[in-house]
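Here's the structure, in structure tokens; my notes come after.
The values are calculated or read from the model by the stated rules, or taken from the named source; none is laboratory data. What you see is a predicted model; the values in this text were computed from it and never measured. Note that we place each Cβ from the backbone using ideal geometry, even for glycine, and neighbour counts take in every protein chain shown.
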Amino acid sequence: MSDLSGKNIAIIATNGFEDSELTSPREAVEAAGATAVVLSTEAGTIEGKNGTTVEVDGTTSAANASDYDAIVLPGGTSNADTIRTDEDAVALVKAVRAAGKPVGVICHGGWILTEADVIEGVTLTSYKSLKTDLRNAGATWVDEEVVVDNGFVSSRTPDDLPAFNKAIVVEFSK
């Protein structure tokens with residue numbers, strides 16, 4: 001298993017996140033030795049669409065890309081739609097990618113990548129309704145369980161979490 005000891009992984013989410021798409025990757029990176037930090041638009045707690053509550057560790061407005069080794073972007077339609085309109089979250093994703101750091105994205109989480117304008121020429125997968133958005137932002141969209149390309153790890157739905165979790169741990173350990 002890949003070792004993430006000493007790495008800080010940001011998970012960017014807000015209310016309405018897809019519960020397992022936040023909790024399962026967080027457990028996977030923590031099991032590999034990383035510190036997972038949940039960032040949101042506001043301090044306090046956030047609630048997933050199925051009722052899971054998660055304590056927020058910091059806000060996107062106070063976050064600095066240099067503090068993180070990678071980012072995870074969970075889905076959930078309302079979560080992803082809110083996060084992509086948060087200028088601080090978009091700036092953080094841009095800065096992390098500009099520094100060559102990896103991003104794991106699942107389901108609707110890919111919407112923020114279109115706002116950050118960081119996927120030109122990258123092959124990604126997502127929930128099928130994002131196909132056109134990702135293509136319009138310059139990505140090549142494919143319907144696969146997990147895709148790893150140029151520092152991006154992407155998956156479609158919670159059904160893909162076992163493959164997604166394995167791939168982010170490997171990619172984030174590089």
Verdict on Val54 being of a type in the set (Val, Ile, Thr), modelled with pLDDT of 95 or more and in contact with a Lys or Arg (Cβ under 7 Å, 6 or more places away or on another chain): no
Qualifying position, being modelled with pLDDT of 95 or more, in contact with a strand residue (DSSP E or B) (Cβ under 7 Å, 6 or more places away or on another chain) and more than 26 Å from Asp3 (Cα to Cα), among Thr82, Thr59, Thr123, Thr35: Thr59
Residue satisfying condition, being in contact (Cβ under 8 Å) with a residue 60 or more places away in the chain and of a type in the set (Val, Ile, Thr), within set Val142, Val72: Val72
Selection count where residues are touching a Leu at 6+ places or on another chain (Cβ under 8 Å) and closer than 17 Å to Ser78 by Cα, scope the stretch 108-135: 8
Residue in the stretch 11-23 that is at positive phi, surrounded by fewer than 24 Cβ atoms within 10 Å (Cβ to Cβ) and in contact (Cβ under 8 Å) with a residue 60 or more places away in the chain present: yes
Hits in the stretch 1-10 - residues which are in contact (Cβ under 8 Å) with a residue 60 or more places away in the chain and either farther than 18 Å from Ala65 by Cα or of a type outside the set (D, E, K, R) (or both): Met1, Ser2, Asp3, Leu4, Asn8, Ile9, Ala10
Flag if Val38 is touching a residue at least 40 places away in the same chain (Cβ under 8 Å), crowded, with 18+ Cβ neighbours inside 10 Å and not in a helix (DSSP H, G or I): no
Residues of the stretch 1-18 satisfying the condition of being among the hydrophobic types (A, V, I, L, M, F, W, C) and in a loop (DSSP other than H, G, I, E, B): Met1, Leu4, Ala13, Phe17
Residues of the stretch 91-138 classified as aliphatic (A, V, I, L, M) and over 12 Å from the mean Cα position of the chain (by Cα), total: 12
When residues of the stretch 71-93 are limited to those that are outside any loop (DSSP other than H, G, I, E, B) and touching a Pro at 6+ places or on another chain (Cβ under 9 Å), the one nearest to Thr14 (Cα to Cα): Ala80
